[in-house]
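The values are calculated or read from the model by the stated rules, or taken from the named source; none is laboratory data. No experiment lies behind these values; they were computed from the predicted model shown. Methodologically, a virtual Cβ is constructed for each residue, glycine included, from the backbone with ideal geometry; neighbour enumeration extends over all protein chains shown. Ligands, DNA and RNA are excluded from the accessible area calculation, which covers all protein heavy atoms including side chains. Shrake-Rupley method; radii C 1.70, N 1.55, O 1.52, S 1.80 Å.
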Amino acid sequence: MTTSRFPMVLSPMSRIGDLREVPGEAPISGATWYEADSRGAGFEYKFPAGTLAGAAYLTADWLIDGNLMADFALLLQEGEGGAIFRMNFGFLPQCQARMRVPMEAVEQNRWKYPREGAWLDPLCWMDRVDLNEVDRMRIVLERKGPGVVRFCLTPVKAAIEAPPLLEAPVLPNGPLLDEMGQSTLHDWPEKTQSVYDLVSRMDEQRGKAPRAVWPIGFSRWGGSLEYSADAARNRATGFFHTYHDGDRWWLVDPDGFLFWSSGLDCVEYGITSAYGGIESALSWLPDGDGEFAEAHVGREGHAFDYLRANFIRAFGSAGAHAAWSEIALSQLREFGFNTVANWSDWRIAVGGVPYVRPMNGDALRAVPTIYRDFPDVYHPDFPVAADAFAAQLAETAGDPAFIGYFLMNEPNWGFATESPAAGMLYTTPVCHTRQALAGYLRDRYASDEALSTAWGLDVTLDSVAQGSWSQSLSEAARQDLATFSDEMVARYFDVLGSACRRVDPDHLNLGIRYYTIPPAWAVRGMRSFDVFSMNCYQPRVLADKMAQIAELLDMPIMVGEWHFGALDVGLPASGLRHVKDQIERGKAFRVYLEDAAAKPWCVGVHYFTLYDQSAIGRGDGEAYNIGFVDVCSRPYTPLAEAARVSHERLYQLANGEIEPYYVELEYLPPLML
């Protein structure tokens, strides 16, 4: 199809569900108002196959009314019953956004695209599609808060050139944040009313900080004094390690006391508000060279940190970080947490408070990737890159407070519906891992004819080894590729793990924090870890499946992220798990943590996060009420008190002496990206 037809306006054939057009003048030129009551409402488009071939972008301008986010999905499909590509994205409320969907995304070689202004967190899901075969599109409401979603948008256009970014978005209600970083679209009883109130609270918190202590019965490292004193001397190694007592898994602290890791993620000096493209949404943005210079953050300078700014208001630029670290660590003790968990400023814990580290993966970029973020692990330079990657552990190799390290977090290849070996065929014509795949298949099938017969495809070993690939895979092919993906994953983590142990033999390899239960081919490749880790955003840990993983790998499990959020304190979205209010957040916390502590294969859960996210979103747009503390350093009392109660019961629970807390809760549909 020639490109002269672009830009092309795509007109919906019909509306889906309860979507309805509503009267009223839209604040965006050319836009129309719509309302929907239910998820799944939206637009359906049909056009001749190949209409979108040659297009580079799909674009439209949007504005969400009200004070909550809304999340939508755009789906492209190859005919009735055919393959479907899906991109999810969200929008900030009361701020014009420009959707710019890059058509290259249908290749599925990238999971996440960058946020642009109020267009948030574009994520790719489901299938790879061929634009020459796509003949239909849907745009549907995927997630919403309570009540009606009202939004306006302009007609969707297909374009061959990148639409310009918005420079001055429409803000119907004015700025979205006040001078302290709070939402201007919401009011709630605990909202901080003045800078004076903010500073007074922080002064009081710093004064009380030295008096905050862990629950009675915790060792100096947060382990259990009561249940391990007799054997502690024999178990002590000076470092954290794993231990099975015949009934259950534990960690053991440096002095030999049994330890169960309850941690807070993101114990860091900051709550980033990403304002690229929406600077006018800020009520206050001080000069970048003045007293608040260190609150200007982000690689390109398009983010401001209101938490830092609030600490600077209270303690001055010279003393703000020290005051923050005293208050933050005291809050961990007050709430009962014994671990500074991932994504934290772990240096404030060195030598004194148990902590974990996320590994920085920059050194691995010396090796090309072959599918999403999966590196060419058979490349001759991969072991060299692994050694460079491991070198960062030298800084903490002798620290007894250091529990261990996460090699990475939620690798993007894990979000795909296909295995890395299958994806590699489509995305990387030449690489060492494809050569290794061809060698693996040659050992298995010996000849082109045998491979072609087994796969039911017109295929040769040479076509697997290199070259472009477009044909669909048979089930037999997918099975072989999944089996080889096991080899790829094992090589990936064996090489990284061995390099890390050469630098630091004393601390724990805590795995990769997979985003959910991994497929079987991925789990088998994770035998080199000391602890299997995953993130588990569910009402409770996934007991049956996680127990199977612990048995298969013969190692304990740690949950790297979980949380519960609400919509009652000024944030436009709830997070990945949603309950009614702050009281229910406290109850949900207790149910999750106490259930996990009672599981014999679980050695810790780390809650995400210490602080709420920004009401205009972090870099990708997440803007969730998931913290223990808000941007003005006010703890959520029901949640904090619930955590303290559970932590006082922690080691009785882990030893099976008392039953976990349980109450029936209403888990609401999440409003998230």
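Descriptive notes on the structure:
- When the test is whether a residue is surrounded by 21 or more Cβ atoms within 10 Å (Cβ to Cβ), farther than 27 Å from Tyr306 by Cβ and under 22 Å from the mean Cα position of the chain (by Cα), Tyr624 does not pass it.
Residues checked against (1) part of a loop (DSSP other than H, G, I, E, B); (2) touching a strand residue (DSSP E or B) at 6+ places or on another chain (Cβ under 7 Å):
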| site | (1), (2) |
| --- | --- |
| Thr516 | yes, yes |
| Trp521 | no, no |
| Arg527 | yes, no |
| Ser533 | no, yes |
| Gln538 | yes, no |
| Gln548 | no, no |
| Glu551 | no, no |
| Met555 | yes, yes |
| Met558 | no, yes |
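- Any hit, the range 430-444, residues being touching a strand residue (DSSP E or B) at 6+ places or on another chain (Cβ under 8 Å) and open to solvent by 10 Å² or more (accessible area, probe 1.4 Å): yes
- Screening Asp305, Asp287 for residues that are crowded, with 21+ Cβ neighbours inside 10 Å and among the acidic types (Asp, Glu) leaves exactly one candidate, Asp305.
- Of all residues making up the range 244-262, the number that are more than 22 Å from Asn342 (Cβ to Cβ) and crowded, with 24+ Cβ neighbours inside 10 Å: 2
- Qualifying residue in the range 264-282 (condition: without any contact (Cβ under 8 Å) to a residue 24 or more places away in the chain and either under 29 Å from Trp562 (Cα atoms) or part of a loop (DSSP other than H, G, I, E, B) (or both)): no
- Cross-chain or 6+ apart pairs with Cβ under 7 Å, the range 170-184 first and within 16 Å of Ala309 (Cα to Cα) and in contact (Cβ under 8 Å) with a residue 60 or more places away in the chain, then among the aliphatic types (A, V, I, L, M) and open to solvent by 30 Å² or more (accessible area, probe 1.4 Å): Met180/Val195
- Every test in (1) assigned to a loop (DSSP other than H, G, I, E, B); (2) within 29 Å of Arg527 (Cα to Cα) is passed by Glu594 save one, and that test is (1).
- One residue alone among Ala49, Ala105, Ala97, Ala70 is without any contact (Cβ under 8 Å) to a residue 40 or more places away in the chain and among the aliphatic types (A, V, I, L, M), and that residue is Ala105.
- Ser468 of a type in the set (S, T, N, Q), open to solvent by 20 Å² or more (accessible area, probe 1.4 Å) and either closer than 24 Å to Val523 by Cβ or within 38 Å of the chain's Cα centre (by Cα) (or both): yes
- Single unsatisfied condition, Leu332 versus (1) over 29 Å from Glu641 (Cβ atoms); (2) open to solvent by less than 10 Å² (accessible area, probe 1.4 Å): (1)
- Selected residue (criterion: nearest to Val267 (Cα to Cα)) from residues of the range 340-387 that are basic (Lys, Arg) and crowded, with 18+ Cβ neighbours inside 10 Å: Arg357
- Pair list, Cβ < 9 Å and 6+ apart or interchain, from the range 473-485 residues that are closer than 16 Å to Arg128 by Cβ to residues that are of a type in the set (Val, Ile, Thr) and open to solvent by less than 40 Å² (accessible area, probe 1.4 Å): Ala477/Val459
- Members of the range 296-310 that are closer than 14 Å to Glu279 by Cα, at pLDDT below 95 and either part of a helix (DSSP H, G or I) or among the charged types (D, E, K, R) (or both): Glu300
- Residue tally, condition in a loop (DSSP other than H, G, I, E, B) and open to solvent by less than 10 Å² (accessible area, probe 1.4 Å), over the range 228-243: 2
- Answer from Met555, Met546, Met526 - the residue that is closer than 16 Å to Phe493 by Cβ and in contact with a Lys or Arg (Cβ under 9 Å, 6 or more places away or on another chain): Met555
- Thr192 meets all of the listed conditions (1) more than 21 Å from Gly570 (Cα to Cα); (2) among the hydroxyl-bearing types (Ser, Thr, Tyr); (3) in a loop (DSSP other than H, G, I, E, B) but one, namely (1).
- Within the range 1-54, the set of residues being among the β-branched types (Val, Ile, Thr), over 20 Å from Ile84 (Cα atoms) and open to solvent by 20 Å² or more (accessible area, probe 1.4 Å) comprises Thr2, Thr3, Val9, Val22, Thr32.
- For the range 493-545, the set of residues classified as open to solvent by less than 40 Å² (accessible area, probe 1.4 Å), under 23 Å from Asp480 (Cβ atoms) and touching an Asp or Glu at 6+ places or on another chain (Cβ under 6 Å) consists of Trp521, Gly525, listed by residue number.
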